[in-house]
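The values are calculated or read from the model by the stated rules, or taken from the named source; none is laboratory data. Just so it is clear, the structure is predicted and the values come from calculations on it, not from any experiment. Quick reminder, even Gly has a Cβ in these numbers, built from the backbone with ideal geometry, and neighbours come from all protein chains shown. Ligands, DNA and RNA are excluded from the accessible area calculation, which covers all protein heavy atoms including side chains. Shrake-Rupley method; radii C 1.70, N 1.55, O 1.52, S 1.80 Å.
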Amino acid sequence: MFQSQLKNQPLLLLIFALWLGGARATSSPSHHDYCIIGAGPSGLQMAYFLQQAGRDYVIFERNNISGSFFQLYPRHRKLISINKQYTGRSNREFNLRHDWNSLLSHTDQLLFRHHSQEFFPHADAMVHYLNNFSAMLGLRVQYNTNITRVRLYKDQQAWNGHYFFLGDQNRQSYRCSVLLVATGMWISNVLNFPGSEYMEGYESVSVDPADFAGQSVLILGRGNSAFETAENIKGVTNFLHLVGRSRVRLSWSTHYVGDLRAINNGLLDTYQLKSLDGLLEGNMEELAIVRDKKGKLHITLQIHVSKGGRRDSMSPDHRFHHNAKPVALPQDEMDNFAVREPYDRIIRCLGWKFDFSIFDKTVNLVSGTGQKRKYPLIKPSYEAKATLGLFVLGTASHSIDFRESAGGFIHGFRYTARAVHHLLEQRYHSILWPSTTLPITQLANAIVKRVNEASGLYQMFGVLADIILLREDFQMFEYLEEYPIGILPELERYSGRQVQNGLFVITLEYGKNFSGPDKDVFYKNRAVGEAQYAWQSNFLHPVIYYYRHLPTEQKMKFRPKKWPLPRPDAIHHIVEDFLTDWTALNAHILPLRRFLENCLDTDLRAFFAESCFLFALTNRKSPPFCQQGYLRMQGLVGNEQLRHHAMDAGLLEDYTIMESAEELEDHKAHDLQMDHMSGQAGDQLSSIHLKEEL
């Protein structure tokens, strides 16, 4: 009897497991206000902000660790994100300008530099860092949960009029009010042309240089993954050829961090110095690969293969028959075409694209167009174009600033994630965009401080901007940091702040005509030093836009080409600086202050108390500094000259000198004379009571 039960135990356990799985699948889904798909850098960054705000959220991660992408990529394990240990500064915000790996947090203990000292770190350090970040903060990550389907169901009780329902590999369901997609770009781009099956993919090709010794290799691709692969094997191959759709774009020339980085471009030396390696441009979709009897791979065009090659129609995968005759390229009198030599191996290094497969058609998440078709189509607010409450974070949101800024990389999207969080707080919890209110006399100081320290403006140049909202009578202003300028016309709706008296927009920008094809970025007079020519600055520099009224969406749509914003009522460029230190009095600060004064029609200078005193006597309207300081008995500084002015005006008695009755009479007469001269225009002095401490 006992043995019989033991024999049946596995069957009973199987039945129980099936019943339990069915019960889980039919049970009501668990609900969360915010669901994040992906525990990579952007997912963890958003989780940090939600947790700090006390929101209900969960992260779904398909693997058993955070940042699993970096377990495999880059294949040769060297990151190209800068990890600068020393800057000579102690300012944490400034140092983040040169730390491209850390996520934003409230403590220095969560900076990446504690995990690696290398300038270009090993990829394993990123994996360790991300998991440490998650563990130390206690972020709510649900590992081993592969979201396989996302659907949308309408419900008028939901925040957005619908809920998102997510299903995982175990048929467990989850309901979310807001969906934050942080899955990154991990689907390899492939080409399907005749013979493409003979190519090896970047994601699986060997990383051992010994496997390529004495071989001839062709690499399809022109980005960092292609050059990274070439860098690894160029010392052992017969020759290396790289084919791409367009010319090589060097990041130090284009200022785009996603273009070819210097750390990977050793093949450019061997090409230009004629050491057998080379670069080619062409339409890769028109290529074909033919393999000969010896296993060698020949490159040709599809139109030639259809004439000279033979496809085995009986083969289920329609591969080219191994007896297919290699066809010369091209088939005419030219017999010196570049790729006439056969290759031993052809490697595909074409980057990645977004995984749309998990989204049901009800979600209506579609791809972009042209070069941005690998990304989901989103608005400048990082919300899906057609689906309210679905936001795309991290690398997948790079369509907003593709080839323009750093939004596809950690040092860029850590700031856009914070911006999205501010948008969520305003929309769903009625919490206004954070701001600081200051007196107008601090306007120039506030701008100078931010352009010299802010890392968000520095990394997301031309995409995020500081906004200054002017209060009534220009006496005070509100300062909003790192707002997405693509949604500037909708500032009031997204921030909850009112624009009534004009605004300034502060960005950092490169010169518009500095880089590009056929342009020498090292030409002799490439830098501008004179403030009067600041608008011609080529390198990254601050630009201040002034608008009397908030620009409309139509003006934003029809803004000048290559301009991040519509044409303003006034614009000011702070001249570029070799040290990116915009604190020079004559070159930077004085021109800025004069620009602000012209826009506001006021005097923003600071004055000594005696000057304020004279203004009060001679001007109908004193400068803001005097109004907010001296006339309110704040910051009043006494000196001997001011004491004499006060005594002459009869506002202060001099107890240090014994005066005769005759002198006292003279003073009284003088007092009456001063009262008569000041008249009604001196009413503003009536509230001033100078104390004996002067």
Checklist entry - Rounded to a whole number of µm²/s, how large is the Stokes-Einstein D of the stretch 484-544 at 4 °C and 1.567 mPa s, given Rh as the Kirkwood radius over C-alpha pairs? => result 90 µm²/s
Checklist outcome for this item: Accessible-area order for Phe595, Phe608, Phe409, largest to smallest, probe 1.4 angstrom, reads Phe608, Phe409, Phe595
Item to check | Solvent-accessible area per residue, Å², over the stretch 363-415 with all protein chains present [probe radius 1.4 Å] | outcome: 33 Å²
Next on the checklist: Output needed for the stretch 436-600: three equivalent-ellipsoid semi-axes, defined as square roots of 5 times the C-alpha gyration tensor eigenvalues, in descending order, whole Å.
Outcome noted: 26, 19, 13
Next on the checklist: Which of rounded, prolate or oblate describes the stretch 515-600 when judged by the alpha-carbon gyration tensor and an a/c cut-off of 1.5?
Outcome noted: oblate
Checklist entry - In Å², what does the accessible area per residue of the stretch 159-229 work out to with a 1.4 Å probe? => result 32 Å²
Item to check | Fraction of accessible area attributable to carbon and sulfur, the stretch 547-633 (%, probe 1.4 Å) | outcome: 52 percent
Checklist entry - Excluding ligands and nucleic acids, what accessible area in Å² is computed for Asp518 using a 1.4 Å probe, to the nearest 10? => result 150 Å²
Checklist entry - When all protein chains stay in place, what accessible area (Å², nearest 10, 1.4 Å probe) is found for Thr583? => result 70 Å²
Checklist entry - Roughly how many whole Å is it from the C-alpha centroid of the stretch 370-411 to that of the stretch 229-243? => result 34 Å
Checklist entry - Ile219's amide H: which non-local residues (gap 5+, or another chain) put their own amide H closer than 5 Å, with H modeled 1.01 Å from N in plane and none for Pro or chain starts? => result His241, Leu242, Val243, Ile347
Checklist entry - So, by mean Cβ neighbours within 10 angstrom, what's the order for 522-531, 226-235, 139-148 with the highest one leading? => result 226-235, 139-148, 522-531
Checklist entry - Of the heavy-atom accessible surface of the stretch 329-428 (probe 1.4 angstrom), what whole percent is carbon and sulfur? => result 48 percent
Item to check | Average accessible surface area per residue within the stretch 436-600, 1.4 Å rolling probe, Å² | outcome: 47 Å²
Next on the checklist: What does the net charge come to around Thr148 if you take all other residues with beta carbon closer than 10 Å to its beta carbon, with K and R at +1 and D and E at -1?
Outcome noted: +2
Item to check | Accessible surface ranking that places the most exposed of Asp56, Asp466 first, with a 1.4 angstrom probe | outcome: Asp56, Asp466
Checklist entry - Given labels modelled 7 Å from the Cα in the Cβ direction, how far is it in nm from Ala386 to Leu250? => result 4.4 nm
Checklist entry - Share of the stretch 156-266's accessible area from carbon and sulfur, percent, 1.4 Å? => result 45 percent
